[in-house]
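Step one of this worksheet: look at the structure below.
The values are calculated or read from the model by the stated rules, or taken from the named source; none is laboratory data. Everything numeric here is computed off the predicted structure, so don't read it as measured data. All Cβ positions, glycine included, derive from the backbone under ideal geometry; neighbour counts span all protein chains shown. These accessible areas exclude ligands, DNA and RNA; they are computed on the full protein's heavy atoms, side chains included. Shrake-Rupley method; radii C 1.70, N 1.55, O 1.52, S 1.80 Å.
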Amino acid sequence: MVLFDGASIAEVAAGVADRVGIPADAEIRIEVDQRTPLGRTALASLDPITITVESGAFEDAKQPRHLSPRGVQDVVGRLLFRAKDRLDPAFGDPPPDDALTLPQQVAWDAYCVGRCERLGLAVQKARRQYHFRNRHGFTDVADATFERLWNAESLTWADIEAACRETAAERERASA
């Protein structure tokens with residue numbers, strides 16, 4: 001269904017992995033499901049690092065069925081930072097991805113994609129902030145929390161959980 005070149009994906013992913021700080025000897029697999037135009041992505045394994053992607057996540061929105069190198073950078077950067085966090089004992093012990101709440105996923109994504117931006121990768125901050133607001137509230141507290149996650153250099157899973165509790169408390173307070 002798509003006109004993707006595996007070598008192009010591998011080249012972009014290798015460049016991102018290097019910038020993220022994944023060891024050069026780490027095995028990284030990217031499995032693209034070309035049967036669907038949807039855009040789900042997942043970090044499926046840490047050993048080897050395996051990223052699963054529905055083809056829509058890598059598709060160029062202006063040229064359907066064609067690869068978007070920017071899309072590859074966005075997805076691979078975010079998920080490699082998640083892998084790096086999971087592999088770092090100092091980060092803590094987050095639950096498996098399928099057990100994360102949507103607010104936890106979105107908060108962790110804000111932290112990961114903020115680091116991608118600082119590496120010079122093309123990101124869409126406004127899109128990520130809107131997604132964050134949808135899960136954490138359209139409040140000043142949520143906006144400040146998003147900025148703190150986005151700009152952070154080194155967080156732990158406990159920091160991400162605390163951010164989620166902070167925005168949840170504000171939503172509860174505002175609805176009372």
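Would you check if residue 25 is out of contact with any Asp or Glu (no Cβ under 8 Å at 6 or more places or on another chain), open to solvent by 40 Å² or more (accessible area, probe 1.4 Å) and in contact (Cβ under 8 Å) with a residue 24 or more places away in the chain? So residue 25 does not fit the description; no.
Taking the range 35-57 as the range and being under 18 Å from residue 70 (Cα atoms), of a type outside the set (Ser, Thr, Tyr) and in contact with a helix residue (DSSP H, G or I) (Cβ under 8 Å, 6 or more places away or on another chain) as the test, the residues that pass are 37, 38, 39, 40, 42, 51, 53, 57.
The helices (runs of 4 or more DSSP H) found wholly in the range 82-176 include none carrying at least 2 residues that are modelled with pLDDT of 95 or more, hydroxyl-bearing (Ser, Thr, Tyr) and at positive phi.
Of the residues in the range 1-22, how many are aliphatic (A, V, I, L, M), open to solvent by 50 Å² or more (accessible area, probe 1.4 Å) and not in a helix (DSSP H, G or I)? The total comes to 2.
Flag: residue 45 does not match the condition of being among the small types (Gly, Ala, Ser), without any contact (Cβ under 8 Å) to a residue 40 or more places away in the chain and crowded, with 18+ Cβ neighbours inside 10 Å. For the range 67-94, residues that are surrounded by fewer than 18 Cβ atoms within 10 Å (Cβ to Cβ), over 16 Å from the mean Cα position of the chain (by Cα) and of a type in the set (A, V, I, L, M) total 1. All conditions but one from (1) surrounded by fewer than 16 Cβ atoms within 10 Å (Cβ to Cβ); (2) in contact (Cβ under 8 Å) with a residue 24 or more places away in the chain apply to residue 115; the one that does not is (1). Based on this model, can you work out whether residue 169 counts as within 28 Å of residue 15 (Cα to Cα), surrounded by fewer than 16 Cβ atoms within 10 Å (Cβ to Cβ) and of a type in the set (A, V, I, L, M, F, W, C)? Against the criterion (within 28 Å of residue 15 (Cα to Cα), surrounded by fewer than 16 Cβ atoms within 10 Å (Cβ to Cβ) and of a type in the set (A, V, I, L, M, F, W, C)), residue 169 does not qualify.
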